[in-house]
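Encoded as structure tokens, the structure appears first; notes follow it.
The values are calculated or read from the model by the stated rules, or taken from the named source; none is laboratory data. From a predicted model like this one, the values you see are computed outputs, not experimental measurements. With ideal geometry, Cβ positions are generated from the backbone for all residues, glycine too; neighbour counts draw on all protein chains shown. Just the protein is used for accessible areas: all its heavy atoms, side chains included, with ligands, DNA and RNA removed. Shrake-Rupley method; radii C 1.70, N 1.55, O 1.52, S 1.80 Å.
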Amino acid sequence: ATPESTNNMADGGLTLALAIGALATTAAATGVSVSQNMAAADREAEAQKAMASQAENNAAIARQQAEVNAQRIRQQNRRIAASNRAATSANGLLATGSAEAVAYDSAIQGELNALSEVYAGNIAATNSQFEASMYRRKAASASAQKSGYMIGGALSATGSALSIGSNYRRDKALLGST
């Protein structure tokens, strides 16, 4: 073996070692990146699930609060009606004719007010449930991104390995021709 061929073999060994080192470094960096992206996707999915749960709770609270408010309105209307009947009786009047019509109209209006409160609560609850469904979709999307990160990482690592292999073959060919 000539000194030149020995030198070329040493350079070839160094080139191979550098190629293997570059490949290992690239694989490790890609693995870390994929791992970090997957962890971020998990955190995002969990945050969206928590927000969905809160929105569902808000929907239940809106319905309950509307029902409580409707009951309060109904109780208030009953007190007003009783007070009006007592006042009419105290004055020696009978609740007939226009007085009866006014009492009946007041009762209807009071119930409409109570039903409006329930309706408003149902709208708020529906809006909260819609928000919850949006948060659940965002959570599913964040979870689905994890497979994209794995595929992207695998493709990136494959591309890097091919590039390093190509560079190694080129360098080896150059060293062999000197």
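Quick notes on this structure:
- In range of the label at residue 133: residues from the stretch 53-90 whose backbone nitrogen is under 17 Å from the point 7 Å along Cα→Cβ: 53-60
- FRET efficiency for residue 71 and residue 147, using Cβ-Cβ distance with R0 set to 41 Å, rounded to 0.05: 0.20
- Apolar share of the accessible surface for the chain: 61 percent from carbon plus sulfur atoms, 1.4 Å probe.
- Using C-alpha pairs below 8 Å separated by at least 6 residues, the relative contact order for the chain is 46 percent.
- Modelled label positions at residue 174 and residue 123, each set 7 Å beyond Cα in the direction of Cβ, lie 7.3 nm from each other.
- For the stretch 62-89 versus the stretch 25-50, the gap between their alpha-carbon centres in whole angstrom: 57
- Look at the dipole of the chain built from charges on Cβ: of 55, 155, 73, the Cα furthest out on the positive end belongs to 73.
- Förster radius 45 Å - calculated FRET efficiency between residue 50 and residue 166, Cβ distance, rounded to 0.05: 0.40
- P(r), alpha carbons of the chain - 10 Å bins starting at zero, rounded %: 9, 17, 13, 12, 10, 9, 8, 7, 6, 4, 3, 2, 1, 0
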